[in-house]
1. Any chance you could count how many residues in region 160-215 are in contact with a Leu (Cβ under 9 Å, 6 or more places away or on another chain), over 23 Å from V302 (Cα atoms) and surrounded by 21 or more Cβ atoms within 10 Å (Cβ to Cβ)?
2. Return the residues of region 108-143 that are open to solvent by less than 10 Å² (accessible area, probe 1.4 Å), in a loop (DSSP other than H, G, I, E, B) and more than 24 Å from R24 (Cβ to Cβ); say none if nothing qualifies.
3. Looking only at residues that are of a type in the set (S, T, Y) and over 25 Å from I151 (Cβ atoms) in region 261-299, which one is least open to solvent (accessible area, probe 1.4 Å)?
4. Identify all residues within region 56-113 that are touching a His at 6+ places or on another chain (Cβ under 9 Å), over 19 Å from R134 (Cβ atoms) and among the small types (G, A, S); write none if there are none.
5. Please specify each residue of region 359-389 satisfying the condition of being closer than 17 Å to V162 by Cβ and either polar (S, T, N, Q) or free of Cβ contacts under 8 Å to residues at least 60 places away in the same chain (or both).
6. Return the only residue of D253, D258 being free of Cβ contacts under 8 Å to residues at least 60 places away in the same chain and crowded, with 16+ Cβ neighbours inside 10 Å.
7. Would you please list the contacts, defined by Cβ atoms under 6 Å and residues six or more apart or on different chains, that run from a residue in region 333-356 that is open to solvent by 10 Å² or more (accessible area, probe 1.4 Å) to a residue that is assigned to a strand (DSSP E or B) and not acidic (D, E)?
8. Output the residues belonging to region 219-250 that are open to solvent by 80 Å² or more (accessible area, probe 1.4 Å) and farther than 15 Å from F190 by Cα.
Amino acid sequence: MSMSEALSEQSQSAFEQKLIAIRRHLHQNPELSNEEVRTTASIRGWLQEAGIRVANFPLKSGLVAEVGGLHEGPIIALRADIDALPVQEATGLAYASLVPGTMHACGHDFHTAAILGAAFLLKQQEKELQGTVRFIFQPAEEKAQGAEQVIRSGALEGVRAVFGMHNKPDLPVGTIGIKPGPLMASADGFVVEIEGKGTHAAVPEAGVDPIVTGAHIVTALQAIVSRNVSALQSAVISVTKIHSGTAWNVIPDKAVLDGTVRTFDEEVRATVLSRFDQVVHGVAAAFGTKASVRWIKGPPAVQNDAGLVELAARAADFAGLKVIAPTPSLAGEDFAFYQKKVPGIFLFMGTSGTQEWHHPAFDLDERALPISANYFAILAEQALEQISSKFEVEVSG
């Protein structure tokens, strides 16, 4: 199925303008993680207007819809994330955010509009679908909470494969990044609290300085990557915040370090987290201080299924997209939680963006909207056909 075949009564230009209008509405009305109530209502309205049924899964925000099911067959899922970021927009666009301090600075408005477009296209082909396509409009990706909420709701039950994407500003429109194995990293946060003994800055020997300890911890942590992780693998440890003290002439009794650890491999992840604890407590003890480490566990690494990569590449070729082997990103993505449950693939869609993700001036080329919608409609149809043959063997067996 191509877009021209699916749009028998509506021109491709009108279809593109509809998706642009949806994306701009979402862009003007962003909502933060777990607060996407108005966003959910808008998505529901667009789906119902198209005659697409909304499934009954218990989600506070976000929703699930379905197309197909008229013929016995498997269920596959397409996922879009719908939340925005606490960023003050600086694009100057006519459709810039109307919500102070909140912005779609990661392109989730694009993801939502594109997957809605795929739903509209597939609805027109519903009678031919060999199974069911489930559309997951997921909340709270930015907090790495939404995927697990969707899983707990039961929306992944019966799903044989799940597909998702992220816009990629540095890839031109018309290209798509597809690769097997790791694509995005696990993302864990940490808070290290160092307890010393405060004193006057002129009499340091009367106290125990947590700032000196913290400085040595920051330096020592970097040796974990260089000395405990193979040069053939990847890991990043970044200390991003240091808080301590209230006056220029007082050595404080406490220092706090915040940051993140990123890895692509679960064994490397376990090694880094274990060595992290050892280094922090060892350095703290050496300087006569006490330290505690609190981990904020994030999603695991996105690991793409090799078989689905071949399917996704064939669909891209059918859609006229140029397939490239993308450079993995150390950013995190909670799509990885779905891949722990069912085979899945996550893609990078070229959008010729102006800035990198999370930048206040982030924007993208909206010509990628109909391209993405068409691609995911083709991918869903071909996935059902491929999985249906296996489904029939299982049923008959």
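1. 3
2. L129, G131
3. The qualifying residue least open to solvent (accessible area, probe 1.4 Å) is T289.
4. Correct list: A84, A90, A96, S97, A105, G107.
5. S372, Q382, Q386, S388, listed by residue number.
6. The conditions single out D253.
7. Once the first residue is open to solvent by 10 Å² or more (accessible area, probe 1.4 Å) and sits in region 333-356, its partners that are assigned to a strand (DSSP E or B) and not acidic (D, E) give Q339/Q303; V342/V159; V342/V162; P343/A161.
8. If the condition is that a residue be open to solvent by 80 Å² or more (accessible area, probe 1.4 Å) and farther than 15 Å from F190 by Cα, then T219, R227, A231, L232, Q233, T246, W248 are the ones that fit.
The values are calculated or read from the model by the stated rules, or taken from the named source; none is laboratory data. If you're wondering where the values come from, they're calculated on a predicted model, not measured in any experiment. Every residue, glycine as well, gets a Cβ built from its backbone with ideal geometry; the counts of neighbours run over all protein chains shown. Only protein heavy atoms, including side chains, enter the accessible area calculation; ligands, DNA and RNA are left aside. Shrake-Rupley method; radii C 1.70, N 1.55, O 1.52, S 1.80 Å.
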